[in-house]
4 protein chains.
Amino acid sequence: KANPVLDHGFVRVIDYMGDDAAICQAARVSYGRGTKAVSNDEGLIRYLMRHWHSTPFEMCEVKLHVKLPVFVARQWIRHRTANVNEYSARYSILDREFYIPEPEKLAAQSVTNNQGRGEALGPEEGARVLEWLKADAARAYDHYEAMIGQDGQQGLARELARMNLPANIYTQWYWKVDLHNLFHFLRLRADAHAQYEIRVYAEEICRLVKDWVPHAYAAFEDYRLGGATLSGKAL
Amino acid sequence: KANPVLDHGFVRVIDYMGDDAAICQAARVSYGRGTKAVSNDEGLIRYLMRHWHSTPFEMCEVKLHVKLPVFVARQWIRHRTANVNEYSARYSILDREFYIPEPEKLAAQSVTNNQGRGEALGPEEGARVLEWLKADAARAYDHYEAMIGQDGQQGLARELARMNLPANIYTQWYWKVDLHNLFHFLRLRADAHAQYEIRVYAEEICRLVKDWVPHAYAAFEDYRLGGATLSGKAL
Amino acid sequence: KANPVLDHGFVRVIDYMGDDAAICQAARVSYGRGTKAVSNDEGLIRYLMRHWHSTPFEMCEVKLHVKLPVFVARQWIRHRTANVNEYSARYSILDREFYIPEPEKLAAQSVTNNQGRGEALGPEEGARVLEWLKADAARAYDHYEAMIGQDGQQGLARELARMNLPANIYTQWYWKVDLHNLFHFLRLRADAHAQYEIRVYAEEICRLVKDWVPHAYAAFEDYRLGGATLSGKAL
Amino acid sequence: KANPVLDHGFVRVIDYMGDDAAICQAARVSYGRGTKAVSNDEGLIRYLMRHWHSTPFEMCEVKLHVKLPVFVARQWIRHRTANVNEYSARYSILDREFYIPEPEKLAAQSVTNNQGRGEALGPEEGARVLEWLKADAARAYDHYEAMIGQDGQQGLARELARMNLPANIYTQWYWKVDLHNLFHFLRLRADAHAQYEIRVYAEEICRLVKDWVPHAYAAFEDYRLGGATLSGKAL
Ligand SMILES: Cc1cc2nc3c(=O)[nH]c(=O)nc-3n(C[C@H](O)[C@H](O)[C@H](O)COP(=O)(O)OP(=O)(O)OC[C@H]3O[C@@H](n4cnc5c(N)ncnc54)[C@H](O)[C@@H]3O)c2cc1C
Ligand SMILES: Cc1cc2nc3c(=O)[nH]c(=O)nc-3n(C[C@H](O)[C@H](O)[C@H](O)COP(=O)(O)OP(=O)(O)OC[C@H]3O[C@@H](n4cnc5c(N)ncnc54)[C@H](O)[C@@H]3O)c2cc1C
Ligand SMILES: Cc1cc2nc3c(=O)[nH]c(=O)nc-3n(C[C@H](O)[C@H](O)[C@H](O)COP(=O)(O)OP(=O)(O)OC[C@H]3O[C@@H](n4cnc5c(N)ncnc54)[C@H](O)[C@@H]3O)c2cc1C
Ligand SMILES: Cc1cc2nc3c(=O)[nH]c(=O)nc-3n(C[C@H](O)[C@H](O)[C@H](O)COP(=O)(O)OP(=O)(O)OC[C@H]3O[C@@H](n4cnc5c(N)ncnc54)[C@H](O)[C@@H]3O)c2cc1C
């Protein structure tokens with residue numbers, strides 16, 4: 001089941017390994033016969049999360065199929081603790097699919113935060129922007145097709161032609177990651193500082209994770225999500 | 001099912017993600033509609049292995065429960081691309097279980113290879129060695145127990161008492177790794193240069209992997225295992 | 001000193017840690033007093049390379065400043081074993097600089113290799129392609145500027161406007177990596193299978209590495225670039 | 001200069017890459033011409049630390065030579081984001097050097113924390129423990145020597161003989177790590193939950209880091225060692 005995100009994107013679960021019980025099972029290897037301290041799974045998971053005992057969360061793994069605009073992919077791929085296979089634009093032809101924001105998402109540059117956006121653009125300015133985004137994408141793709149076409153010409157190599165395509169074109173990949181590093185990704189990307197277009201993917205994944213490992217997700221939400229770091233002085 | 005290794009050790013599969021088909025499925029994401037080139041799974045897997053296209057192999061994951069002597073664990077843990085939860089000797093009491101080599105495995109220092117072993121020791125020398133290994137381990141464990149005991153004394157902290165135990169005591173852990181990095185581990189540790197005591201674990205894992213992903217394992221055996229690197233000049 | 005690559009790109013060394021001697025120094029920690037086996041540095045380095053003793057090479061580190069087209073950056077960033085800080089197009093305005101291939105680099109899609117290029121395009125077809133690449137880039141950038149401009153309008157957020165820019169626009173980053181993983185990068189990217197536009201960066205880095213660690217580079221060239229690894233069966 | 005730790009151990013800096021200014025230089029790549037927001041280095045570093053912008057800290061690297069007991073090395077090596085070359089007990093002969101705690105460090109098992117220690121042992125119990133630790137180590141080493149000796153016998157392989165040696169024997173390694181992951185190590189190992197014997201190494205490294213990158217260290221102390229991360233809910 002592909003869960004839609006943005007206008008043409010999606011997140012789809014391909015496979016899981018482990019669950020809440022698997023986190024506890026691994027944690028209990030460490031404790032051997034020595035413990036009865038934390039007896040129920042929910043309590044143990046909250047304890048592990050609170051104390052940054054992260055390795056038991058690495059015992060769960062998830063594999064996703066994601067379709068996403070290239071500029072989102074460029075932020076996402078910075079998370080190095082994952083396994084990735086991406087659609088090859090050297091090998092294959094990209095589809096004519098571009099992310100075109102909904103008008104109310106066309107926001108102005110933030111005046112307080114250099115790395116963010118502020119109010120939605122007024123209707124006239126918004127319409128002008130949309131027009132450019134659509135027309136430039138269409139023209140770029142027309143020329144992409146014209147360049148690689150082999151009717152009456154040699155046809156430019158795909159690995160070169162794709163350089164003409166803008167960053168809102170869609171790509172796709174398989175992305176596999178353990179739960180600890182997925183939480184790290186979600187903390188950074190489901191956060192208000194993350195760009196809206198990657199945040200909606202992170203939020204969709206939050207829903208999937210909540211269904212998959214409800215106790216671990218609840219602990220993550222309580223101890224990590226939307227958090228802030230206070231200094232010793234501030235405390 | 002625990003597959004026995006050495007005198008008290010074992011390797012047990014806890015969970016798998018993916019199989020030969022999953023490797024191909026991920027590889028085909030890259031090729032999109034663009035390819036019919038490599039049509040069957042076995043051929044595609046051999047192609048990927050031969051050309052060091054390692055990321056599709058990362059799409060498979062396996063989780064093992066392993067019981068092993070500490071000196072083997074010390075070599076094993078050097079492989080950083082895995083997820084680990086080990087039995088805690090700070091938290092729990094270690095069992096009285098030591099690796100005592102079979103007499104024919106008691107080999108002399110190699111005369112040609114500084115980092116290896118040569119012929120088996122003669123029976124008399126072998127017997128002497130075995131006697132020491134057994135007696136020292138037994139005495140060390142007796143004192144370990146005596147130190148942590150709380151009968152008529154405070155009882156030394158377990159995290160301190162364990163420092164008295166020799167490197168042939170057994171520990172255990174959960175170890176989870178993707179197939180590409182598992183192959184890397186197996187190439188180094190199922191190799192003749194690896195110490196016998198870790199090699200038997202690697203060989204047992206080879207059997208498990210062969211059952212799990214037969215095409216991938218066959219390609220690994222053909223292109224990696226027991227290999228040697230030749231220089232341009234030598235070629 | 002910025003070493004030019006492509007039409008607007010460069011590779012510049014910011015800092016080094018270690019050299020040929022540092023590789024040997026680290027390797028000799030392992031051997032302690034036990035060895036005189038490999039006495040000179042050059043021989044030891046060749047030995048380490050031939051036997052895949054990779055950890056001593058991790059003891060050297062290099063930090064580069066690189067300016068490169070986005071489609072090259074997308075291939076490069078797939079190497080996860082590095083540290084990266086990239087120019088932020090959310091935060092800052094991108095420059096009007098696009099990679100426009102030299103006419104003789106405008107090659108047709110390969111007919112034998114789906115993931116490669118073949119002969120150069122004929123002059124007429126080449127000229128048509130260049131025209132499109134230049135005009136589309138120029139128009140996309142004009143609209144990028146028009147969208148973020150704040151004269152008489154709110155000005156679209158930079159993080160959104162950049163999605164209109166094609167993949168041949170330049171970005172830049174600091175990239176820091178250890179020598180073992182740099183060699184792995186160079187083996188894959190200075191290779192004939194790599195796309196020309198990333199290969200020229202890899203080749204430039206080869207020259208820098210050769211100056212920096214001549215013995216290690218010579219061993220790499222001999223055993224990795226020009227050499228081959230044969231399996232036990234093949235042997 | 002080797003900074004002594006425990007009875008025979010030490011931490012010695014072999015090499016550095018980068019400093020406080022290098023962190024800022026890398027961070028400013030991201031901001032391009034777009035920023036004057038955070039103008040001075042100290043403020044920028046505090047900002048990066050507070051907001052978990054960790055990649056600029058990865059731009060600094062340090063290489064240490066460390067001598068440490070094996071049971072400490074077993075905890076230390078669990079930090080996978082480092083480069084390591086360890087003394088080989090397959091290749092070389094270990095020295096007769098064991099960690100013997102000072103009497104006031106011989107603590108009882110904690111009654112409140114399963115994974116910790118409580119009060120110091122009384123003098124009589126402490127003396128008994130020390131006696132065992134010393135005698136068992138001495139005897140184990142005598143037998144180690146006797147087993148590998150080649151006078152009138154073949155001599156057991158070193159890789160086997162070392163299994164007789166207890167976990168308080170010393171080993172040594174080169175350990176190289178970037179500053180972000182070093183801070184992560186220090187947060188976990190300079191913490192009260194860490195075992196005393198690794199904590200003293202972490203504390204020694206804290207002193208070295210403070211000299212090396214004073215602004216980064218101060219920010220780390222403020223936000224990580226002394227600070228706290230609160231979730232959205234807790235806020
Ligand atoms: C000619 C060519 C064609 C390519 N075509 C495609 C394509 O069509 N589609 C595509 O998706 N990619 C493609 N790639 C990229 C390729 O799949 C790798 O992502 C890239 O080459 C980086 O290699 P690496 O993973 O070995 O390097 P690094 O990421 O630097 O890793 C080096 C080694 O470290 C270990 N490692 C590092 N990080 C991790 C981690 N998070 N988990 C597990 N192990 C880790 C692994 O052992 C790995 O081999 C292509 C590459 C080349 C050279
Ligand atoms: C007080 C204390 C008690 C402990 N008790 C136990 C115990 O009982 N049993 C036990 O087994 N361990 C125990 N540990 C060790 C602990 O589980 C970690 O292994 C250790 O602290 C290293 O932390 P790390 O994994 O975050 O560090 P690193 O390995 O340096 O990793 C840093 C980060 O990099 C990423 N990363 C690096 N390598 C990988 C990889 N291969 N795959 C995925 N992500 C990766 C992760 O995001 C990770 O958080 C204990 C540690 C402490 C401090
Ligand atoms: C709001 C926001 C703004 C950003 N702005 C910028 C920007 O302007 N410029 C920019 O360049 N980036 C920017 N980033 C990306 C950021 O710098 C990180 O690259 C990204 O968030 C991934 O985080 P990570 O490195 O912790 O994750 P991962 O790569 O998944 O790593 C997790 C942990 O594993 C360890 N680890 C994994 N791989 C390695 C390795 N090769 N070496 C050492 N340790 C490793 C580290 O401990 C790391 O913290 C931004 C991110 C966010 C969320
Ligand atoms: C026969 C033999 C003898 C040995 N003798 C010694 C010895 O005397 N002394 C000694 O110290 N070790 C010794 N080793 C251990 C060896 O140095 C390696 O630590 C071990 O083999 C793990 O290999 P690896 O690093 O490739 O594996 P992994 O740690 O699993 O890494 C796989 C790949 O991922 C990448 N990678 C993963 N983590 C990192 C990271 N943090 N930074 C950068 N890249 C990373 C690298 O590309 C690496 O090649 C020996 C090993 C063998 C097989």
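The values are calculated or read from the model by the stated rules, or taken from the named source; none is laboratory data. Remember, it's a predicted structure, so these values are computed and weren't measured experimentally. Cβ: placed from backbone, ideal geometry, glycine included. Neighbour counts: every protein chain shown.
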### Query
So which of B:L160, B:L130 is under 30 Å from B:A108 (Cβ atoms) and either in contact with a helix residue (DSSP H, G or I) (Cβ under 9 Å, 6 or more places away or on another chain) or assigned to a loop (DSSP other than H, G, I, E, B) (or both)?
B:L130
### Task
Inspect all residues belonging to the stretch D:53-65 and state whether any of them is surrounded by fewer than 17 Cβ atoms within 10 Å (Cβ to Cβ), within 11 Å of chain C (Cβ to nearest Cβ) and within 14 Å of ligand 4 (Cβ to nearest atom).
no
### Query
Has the stretch B:188-209 got at least one residue that is of a type outside the set (D, E, K, R), more than 21 Å from C:W52 (Cβ to Cβ), within 11 Å of another protein chain (Cβ to nearest Cβ) and under 23 Å from the mean Cα position of the chain (by Cα)?
no
### Message
Go through the stretch A:146-180 and report how many residues are within 16 Å of ligand 3 (Cβ to nearest atom), over 12 Å from the mean Cα position of the chain (by Cα) and more than 7 Å from every other protein chain (Cβ to nearest Cβ).
### Response
2
#### Entry: Lone unmet requirement of (1) within 28 Å of C:Y99 (Cα to Cα); (2) of a type outside the set (S, T, Y); (3) more than 14 Å from chain B (Cβ to nearest Cβ) for C:F185
(3)
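Tally time: how many residues in the stretch C:46-76 are among the aromatic types (F, W, Y) and touching a residue at least 40 places away in the same chain (Cβ under 8 Å)? Full working, then the answer.
Step one: of the stretch C:46-76, the residues among the aromatic types (F, W, Y) are C:47, C:52, C:57, C:71, C:76.
Okay, now just the ones that are also touching a residue at least 40 places away in the same chain (Cβ under 8 Å), so C:57, C:71, C:76.
Qualifying residue count, the stretch C:46-76: 3.
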### Summary
Across the stretch C:38-56, the tally of residues that are hydrophobic (A, V, I, L, M, F, W, C) and either part of a helix (DSSP H, G or I) or within 16 Å of ligand 2 (Cβ to nearest atom) (or both) stands at 4
### Query
Looking at (1) more than 30 Å from B:L156 (Cα to Cα); (2) touching an Asp or Glu at 6+ places or on another chain (Cβ under 8 Å); (3) basic (K, R), which is the only condition B:R28 fails?
(2)
### Query
Applying the selection to the stretch B:57-69, what residues are away from ligand 2 (no atom under 14 Å from the Cβ) and part of a helix (DSSP H, G or I)?
B:F57, B:M59
### Query
Quick one: what pairs do we get from the stretch D:211-222, first residue within 11 Å of chain A (Cβ to nearest Cβ), second hydrophobic (A, V, I, L, M, F, W, C), C-beta under 6 Å, 6+ apart or different chains?
D:A219/D:I45; D:A219/D:M49; D:F220/D:F183
### Message
So, D:V209, is that one assigned to a helix (DSSP H, G or I), in contact with a Phe, Trp or Tyr (Cβ under 7 Å, 6 or more places away or on another chain) and among the aliphatic types (A, V, I, L, M) or not?
### Response
yes
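Give the residues of the stretch C:189-206 that are outside any loop (DSSP other than H, G, I, E, B) and either at positive phi or not basic (K, R) (or both), sorted by residue number. Lay out the reasoning, then the answer.
Within the stretch C:189-206, the first condition is being outside any loop (DSSP other than H, G, I, E, B), and the residues that meet it are C:189, C:196-206.
Those that are outside any loop (DSSP other than H, G, I, E, B) and either at positive phi or not basic (K, R) (or both): C:Y196, C:E197, C:I198, C:V200, C:Y201, C:A202, C:E203, C:E204, C:I205, C:C206.
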### Task
Report the residue count in the stretch A:94-128 for those that are modelled with pLDDT of 95 or more, out of contact with any Leu (no Cβ under 8 Å at 6 or more places or on another chain) and either under 30 Å from B:H180 (Cβ atoms) or within 16 Å of ligand 3 (Cβ to nearest atom) (or both).
1
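Okay, residues lined up against (1) surrounded by fewer than 17 Cβ atoms within 10 Å (Cβ to Cβ); (2) touching a strand residue (DSSP E or B) at 6+ places or on another chain (Cβ under 7 Å):
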position	(1), (2)
B:N3	yes, yes
B:G18	no, yes
B:R50	yes, no
B:L68	no, yes
### Search result, residues across the stretch D:70-92 that are assigned to a loop (DSSP other than H, G, I, E, B), polar (S, T, N, Q) and more than 16 Å from ligand 2 (Cβ to nearest atom)
D:S88, D:S92
### Task
Hey, can you tell me all the residues within the stretch B:93-123 that are in a strand (DSSP E or B) and of a type in the set (A, V, I, L, M)?
B:A107, B:A108, B:A120
### Query
Could we say that D:Y141 is under 30 Å from B:A194 (Cβ atoms) and touching a residue at least 60 places away in the same chain (Cβ under 8 Å) here?
no
### Query
Are any of the residues in the stretch C:173-180 part of a helix (DSSP H, G or I) and closer than 26 Å to C:A194 by Cβ?
yes
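For every residue, the table says whether it meets (1) closer than 30 Å to D:V129 by Cβ; (2) more than 19 Å from the chain's Cα centre (by Cα); (3) more than 14 Å from chain A (Cβ to nearest Cβ); (4) more than 16 Å from ligand 4 (Cβ to nearest atom).
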| residue | (1), (2), (3), (4) |
| --- | --- |
| B:P69 | yes, no, yes, yes |
| B:R74 | yes, no, yes, no |
| B:I77 | yes, no, no, no |
| B:Y87 | yes, no, no, yes |
| B:I93 | yes, yes, no, yes |
| B:Y99 | yes, no, yes, yes |
| B:L121 | no, yes, yes, yes |
| B:E131 | yes, yes, yes, yes |
### Summary
Residue count, the stretch D:223-235, condition touching a residue at least 12 places away in the same chain (Cβ under 8 Å) and either in a loop (DSSP other than H, G, I, E, B) or within 7 Å of chain A (Cβ to nearest Cβ) (or both), comes to 1
### Query
Of the residues that make up the stretch C:101-110, is at least one surrounded by fewer than 22 Cβ atoms within 10 Å (Cβ to Cβ), within 19 Å of C:L188 (Cα to Cα) and of a type outside the set (D, E, K, R)?
no
### Task
Determine, yes or no, whether A:A192 is surrounded by fewer than 20 Cβ atoms within 10 Å (Cβ to Cβ), at pLDDT below 95, more than 16 Å from ligand 2 (Cβ to nearest atom) and not basic (K, R).
yes
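With the requirement that a residue be basic (K, R) and more than 30 Å from A:H53 (Cβ to Cβ), what does the stretch A:149-187 give you?
A:R158, A:R162, listed by residue number.
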### Query
Only one of (1) surrounded by fewer than 21 Cβ atoms within 10 Å (Cβ to Cβ); (2) farther than 30 Å from A:D142 by Cβ; (3) more than 10 Å from every other protein chain (Cβ to nearest Cβ); (4) within 16 Å of ligand 1 (Cβ to nearest atom) is not met by A:S39, so which one is it?
(4)
### Message
Can you tell me which residue is farthest from ligand 4 (Cβ to nearest atom) among those in the stretch D:175-194 that are touching a strand residue (DSSP E or B) at 6+ places or on another chain (Cβ under 8 Å) and not aliphatic (A, V, I, L, M)?
### Response
D:F185
### Query
Among the listed residues A:Y47, A:Y16, A:Y31, which satisfies the condition of being touching a Ser or Thr at 6+ places or on another chain (Cβ under 7 Å) and aromatic (F, W, Y)?
A:Y31
### Task
Could you grab me the full set of residues in the stretch C:15-31 that are closer than 16 Å to C:S54 by Cβ, more than 8 Å from chain D (Cβ to nearest Cβ) and in contact (Cβ under 8 Å) with a residue 60 or more places away in the chain?
C:D20, C:I23
### Task
Could you please tell me which pairs satisfy a Cβ distance under 6 Å, a separation of 6+ or placement on different chains, a first residue in the stretch A:77-91 that is within 12 Å of ligand 3 (Cβ to nearest atom), and a second residue that is not charged (D, E, K, R)?
A:I77/C:I77; A:H79/A:F185; A:T81/A:N181; A:A82/A:W175; A:A82/A:V177; A:V84/A:W173; A:V84/A:W175
